[in-house]
Amino acid sequence: MDGEEYDCFLETGTYPSGYHKAQKRSLRRKCEDYAVDSGVLYRKKEKERGEMEFLRVPRGVEERERILHSCHSSKELNEQDNKTLSEHDNVVETEQAKVRDRKIPFTRNMKAMIKSGDWLSDEHMYLAQAILQKQFPAIDGWQSTLLAQIDGFIPATNESIQIHLVSGNHWVTSSSLGHEVVVYDSKLRRGKLNSTLTHQLCLIYRTLIKVEINTGHLIVQFPYTQKQKGGSDCGVFAIAFAFHAAMGEGLQFDQLKMRRHLMKCLRKQKFTPFPILDKQSKIPKKVCTEKIDVYCICLMPDTYGDMVQCENCHKWFHIKCVGLLTLPNCDDKLSCSSCM
């Protein structure tokens, strides 16, 4: 089946003409077990009737960013813009709440990936965070990891926990419990932030950014965590870190038993403490700290895009936030809206 027929089936739920029973069954299984493109997750609604249901990533953030980027300061937002932003935030939060309330299936493909020792997928994190959100309703966060692909994370207003995908295939966990941003990484012993994780942290923990005169910064802590053996268990550790952070515990896990325990928790739709080592070695209390400098009206780092500086107040702005498509010439003198 070519790409057009496949896309048509995903959008309409109808089978291509000429498909016999075995082909239809195979197609249904493929769509049930895999995430479809960057923003759509397929789930079978009623097995006996073969109906389909799409859980889409909320895309109201596109209009939200358009409004914010069209203004040079938050003070310039008029009453209508504020109303529109509030409406989009409510829509996104409502859609996410509906998704969290659904009973998400633990598919055969997801089980096979855990058994084989493979890297966990967005589907595993989607299911795990939905379960954890039900167990810890007082903790904010638990947003779909797919939102990172469209910079669609909503700023957390309360203490939160979030799982992140960085560097294409590595999972880490962050939290703001105690109003301090902490990153739990099973692969690195010292603080190290790449641009992908930096952007996600600035979007989610925007309310914890300390704003100064010409810039701002977000403090991120890297406590000592257990280092994984091998390269594919980062997702299992990320889920374990998330659960035990919500429980207020810091333990060393028995890595050989973690995948079997994860399967049991996902199957029962409830998490219990992960297996720990019989002999807990002393965990150093040393914490590495890293500061993320943020700029512009969007409070994002310089890696978010090309920047220009105001000749008068010397503040830096991303060109897309001030309505520019390309970098200006060196001889051009630019002034921000506050200095004009």
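Quick check: residue separation of S167 and D278 times 0.36 nm, minus the Cα distance between them. What number comes out in nm?
Working: separation 111, 0.36 × 111 = 39.96 nm, distance 3.30 nm.
Full extension of this stretch gives 36.7 nm more.
Once label points are set 7 Å from the Cα along Cα→Cβ at both N109 and Y224, what is their separation, rounded to one decimal in nm?
Here the modelled spin labels are 4.2 nm apart.
Can you send over the carbon and sulfur percentage of the accessible area for the range 232-340, probe radius 1.4 Å, protein chains only? The partial results should precede the final answer.
Values: 3370 of 6450 Å².
C and S fraction of accessible area: 52 percent.
In the range 158-180, which residues have a backbone nitrogen under 17 Å from the label point lying 7 Å from E290's Cα in the Cα-to-Cβ direction?
It comes to 162-176, nothing else.
Considering every pair of different Cα atoms, what Kirkwood radius, in Å, is found for the range 150-295? Please list the in-between numbers first.
On the way: mean 1/r = 0.0621 Å⁻¹.
One decimal place: 16.1 Å for the Kirkwood radius.
Quick check: at a probe of 1.4 Å, how many percent of the accessible area of the range 116-173 sits on carbon and sulfur atoms? Don't skip to the end; give the middle numbers.
Working: 950 of 1900 Å².
It is 50 percent, rounded to a whole number.
What is the packing order of peptides 238-248, 330-340, 177-187, taking the mean over residues of other C-beta atoms within 10 Å and listing the highest first? Walk me through the intermediate numbers first.
On the way: 238-248: 21.6, 330-340: 11.3, 177-187: 18.5.
In descending order of packing, they fall as 238-248, 177-187, 330-340.
Whole number in Å², please: accessible area per residue of the range 226-332, 1.4 Å probe, ligands, DNA and RNA not counted.
On the way: 6210 Å² over 107 residues.
With the other protein chains kept in place, the range 226-332 gives 58 Å² per residue.
Which cross-chain or sequence-distant (5 or more) residues have an amide H under 5 Å from the amide H of N312, H modelled 1.01 Å from N in plane?
Amide H to amide H, under 5 Å and 5 or more residues apart or across chains, N312 pairs with C336.
Can you flag which of K229/K279; K291/K320; K115/K229; K115/K268; K134/K187 are past 22 Å Cα-Cα? The partial results should precede the final answer.
On the way: K229/K279 17 Å; K291/K320 24 Å; K115/K229 16 Å; K115/K268 17 Å; K134/K187 28 Å.
As for pairs spanning more than 22 Å Cα to Cα, those are K291/K320; K134/K187.
If the only charges are +1 at each Lys and Arg Cβ and -1 at each Asp and Glu Cβ, what is the size of the charge dipole of the range 209-333 around the Cα centre, to the nearest 20 debye? Mind dumping the intermediate values first?
Details: 18 positive and 12 negative charges, 258 e Å.
Magnitude of the dipole: close to 1240 debye.
Using r as the Cβ-Cβ distance of L334 and Q252, and R0 as 51 Å, what FRET efficiency do you calculate, to the nearest 0.05? Could you put the intermediate results ahead of the total?
Values: r = 53 Å, r/R0 = 1.05.
Calculated transfer efficiency: 0.45.
The values are calculated or read from the model by the stated rules, or taken from the named source; none is laboratory data. Note that the structure is a prediction, hence the values are computed from the model and not measured. Here the Cβ is made from the backbone with ideal geometry for all residues, glycine too, and neighbour counts use every protein chain on show. Each accessible area value is taken on the protein alone, full model and side chains, heavy atoms only, with ligands, DNA and RNA left out. Shrake-Rupley method; radii C 1.70, N 1.55, O 1.52, S 1.80 Å.
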